[in-house]
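Chemist: One structure, pasted below without further comment.
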Amino acid sequence: AITEDVLNNRRFPDDFLFGVATASYQVEGAWNEDGKGESIWDRVCHTVPSPITNNDTGDIACDSYHKYKEDVALLADLGVDFYRFSIAWTRILPTGFNNNINQAGLNYYKNLTKELRANGIEPVVTMYHWDLPQSLQDLGGWQNELIVDSYVDYARILFSELGDSVKYWLTFNEAKQVCDGGYGVAQKAPLIESPGIGEYLCAHNLLKAHAGAWRLYDEEFRKDQEGKVGIAIDTSWYEPFSYNSTADIEAAETKQQFSYGWYANPIVHGDYPWVMQAKIAVRSEQEGFGKSRLPEFTQEEIKYIKGTYDFLGLNTYSTSLINATDDPDPSKGWAQDAEVIEWQPDEWEGSSSSWLKVVPWGMRKILRWLKETYNNPRILITENGYSDNGTLADDKRISYYQRYMSSLRDAMELDGVDVMGYCAWSMMDNFEWLAGYSEKFGLYHVDFNSPNRERTPKKSAIWYKRVVETKCVVDDCVDAKL
Ligand code: GBH
């Protein structure tokens, strides 16, 4: 078993891409300016009493809507190859529908991509990072199949208006958080709690929307624009508690199929993982449902969704241990349906986020699993990062990045995983969803007490700049003979 971290001193390949990421609601602010419509995160943050730590909101956030030129100047100084940001659907289509296109919103993203290109930075665009138009949520949001067409209409506008300058698209960020968090366990907007039903309905529609957007690009835009369309799926590495237990090994595989596989299996192989279909069918029957709580795709839909990716995105931060169990699990819905116990030992190195334990060897393992499970796909690490309290002397963040990137380098070199690039979360401290501004992930510090939202490079920004420059995470790098 690989459970040790050895710093890799091999240089990353010349064509390997380094970047940093943000998301619209987490950084832009200007929540009601220039014709923008209300999103589900605006609604959640304006709810009284607030469900957000310290009653924080993203109303102003990092004010990137007004400060994008300054942001791009910082990115240029950092030297990154690409910047991953997301587009707010409500800036482009304030009502959610394509009957009313907001030119001011489009201009913001046109200006941002232009500014990036002028500085030699490749835009990598997330088309949906959780800020659904509230008007669409009023109709059921991701639980109403209507949204499939609305999303594809929105995608068409993005491809035709921005496709000249954007060559990398991500249809979704972390579908699992959208669906389980948003419609299962109420941990993300719109904070709906319908475990066991809502998250599966959401995923079903989201997968069709993803496929619709990829097929639209493939049929109508690819020839002229020559870009690539993928999806960012989040998962941890799930390590069997004991390799002497076949049941634990199987349970860990089951958990991963419920996690990355929930979305990747339909997209790569067609249909939900068999273990999800089987477990949810049996449990639904035991619970007295007439049919499985997991919706079924028709044969036509299976074919329509299968193959709709040019690369796979991976957001990964941590690792959990998995035990097989016969006991009922206290979790609900999707998490309970997997019928495993997931936990993290207290003695594992922590961060400012309860779920984020520092386990660098998990990076190599999840990458090898993706290679083996999905026919050696091209992979982009769309997110990886560490939270603390915001100190400028963030040595622990540097250490996290150094060890995780080293483990990633091992996966490429020793296991032959095809990784095209790495994206650090996040470029700067920002609005961390229900945790508000209490958990900081940035390479740049942002002063949220100052109206100017001054950005200051942390020690980690200076360290990352050198990594990007040298393609190397330690001082004494050697060239790999791949
Ligand atoms: C990403 O989510 C998001 O894409 C990004 O917007 C966010 O800022 C960043 O990471 C940092 O959080 O039930 O307590 O175990 C990370 C996704 C969040 C998924 C925490 C697992 C576990 C919650 N992860 N979640 S818990």
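Chemist: Given the pairs Lys114/Lys459; Lys110/Lys357; Lys303/Lys440, which span a C-alpha to C-alpha distance of over 31 angstrom in this model?
Modeler: Lys110/Lys357; Lys303/Lys440
Chemist: Could you please report the charge total around Arg156, scoring K, R as +1 and D, E as -1 over all other residues with beta-carbon less than 12 angstrom from its beta-carbon?
Modeler: Summing Lys and Arg as +1 and Asp and Glu as -1 gives -4.
Chemist: How much accessible area does Tyr68 have with a 1.4 Å probe, in Å² rounded to the nearest 10?
Modeler: Looks like 40 Å² after rounding.
Chemist: Tell me, what is the FRET efficiency for Glu372 and Glu220 to the nearest 0.05, using R0 = 41 angstrom and their Cβ-Cβ distance as r?
Modeler: 0.75
Chemist: Related question: Taking a probe of 1.4 Å, how large is the accessible area per residue of the chain, in Å²?
Modeler: 38 Å²
Chemist: Next question, about the same structure. Taking a probe of 1.4 angstrom, what is the accessible area of Asp77 in Å², to the nearest 10?
Modeler: For Asp77, the solvent-accessible surface is approximately 90 Å².
Chemist: If you don't mind, another one. For segment 149-297, compute the orientation-averaged projected area of the C-alpha convex hull (one quarter of its surface), in nm².
Modeler: Across all orientations, segment 149-297 yields a mean hull projection of 10.7 nm².
Chemist: Enumerate by residue number the trypsin sites (Lys or Arg not before Pro) in segment 451-482 meeting two conditions: DSSP loop (anything except H, G, I, E, B), and at most 12 other Cβ atoms within 10 Å of the site's Cβ.
Modeler: Here the trypsin sites (Lys or Arg not before Pro) that fit, given the DSSP loop and packing criteria, are Lys481.
Chemist: On to the next question. Starting from the Cα of Ala278, move 7 Å in the Cα-to-Cβ direction to define the label point; list residues of segment 320-350 whose amide nitrogen is under 14 Å from there.
Modeler: What the label zone holds, given the 14 Å backbone N cut-off, is 338-339.
Chemist: On a straight-distance basis, which aspartates and glutamates could pair with Lys291 in a cross-link, Cα separation under 18 angstrom, same-chain partners fewer than 8 positions away excluded?
Modeler: Cα-Cα hits under 18 Å: Glu199, Asp271, Asp337.
Chemist: Could you rank Trp130, Trp31 by how accessible they are, 1.4 Å probe, largest area first?
Modeler: From most accessible down to least: Trp31, Trp130.
Chemist: What FRET efficiency would be calculated for the residue pair Asp479, Thr456, taking the C-beta separation as r and a Förster radius of 35 Å, to the nearest 0.05?
Modeler: 0.50
Chemist: May I ask you to give the percent of accessible area on segment 369-452 that is carbon plus sulfur, with a probe radius of 1.4 Å?
Modeler: Working: 1080 of 2460 Å².
Carbon and sulfur together cover 44 percent of it.
Chemist: So, one more: Tally Lys and Arg at +1 and Asp and Glu at -1 over the other residues with C-beta under 14 Å from the C-beta of Thr298: what net charge comes out? Show your work: numbers first, answer last.
Modeler: On the way: positive: Lys208, Lys303, Lys306; negative: Glu145, Asp271, Glu296, Glu300, Glu301.
Here the charged neighbours net out to -2.
Chemist: Can you compute the helix-only [θ] at 222 nm over the chain? Use -39500 (n - 2.57) per DSSP H run of at least 4 residues, normalise by all residues, nearest 500 deg cm²/dmol.
Modeler: -11500 deg cm²/dmol
Chemist: Okay, moving on. With a 1.4 Å probe and all protein chains kept in place, how do Asp310, Asp42, Asp149 rank by accessible area, largest first?
Modeler: From most accessible down to least: Asp149, Asp310, Asp42.
Chemist: Out of the total accessible area of segment 148-294 (probe 1.4 Å, heavy atoms of protein only), what percent is carbon and sulfur?
Modeler: Carbon with sulfur: 47 percent of the solvent-accessible area.
Chemist: With θ set to phi - 60° and the Karplus curve 6.51 cos²θ - 1.76 cosθ + 1.60, what are the ³J(HN,Hα) couplings of segment 53-63 in order, to the nearest whole Hz, using x for Gly and Pro?
Modeler: For segment 53-63, the Karplus-derived couplings read 3, 6, 6, 5, 9, x, 3, 10, 6, 8, 6 Hz, x marking Gly and Pro.
Chemist: Continuing with this model, one more query. Which links in Lys208/Lys228; Lys332/Lys365; Lys208/Lys332; Lys306/Lys365 stretch past 21 Å when you go from one Cα to the other?
Modeler: Check vs 21 Å cut-off fails for Lys332/Lys365; Lys208/Lys332; Lys306/Lys365.
The values are calculated or read from the model by the stated rules, or taken from the named source; none is laboratory data. All of these numbers come straight from a predicted model, not from anything done at the bench. Please note: Cβ atoms are built from the backbone with ideal geometry, for glycine as well, and neighbour counts cover all protein chains shown. In case anyone asks, the SASA skips ligands and DNA or RNA and just uses the protein heavy atoms, side chains included. Shrake-Rupley method; radii C 1.70, N 1.55, O 1.52, S 1.80 Å.
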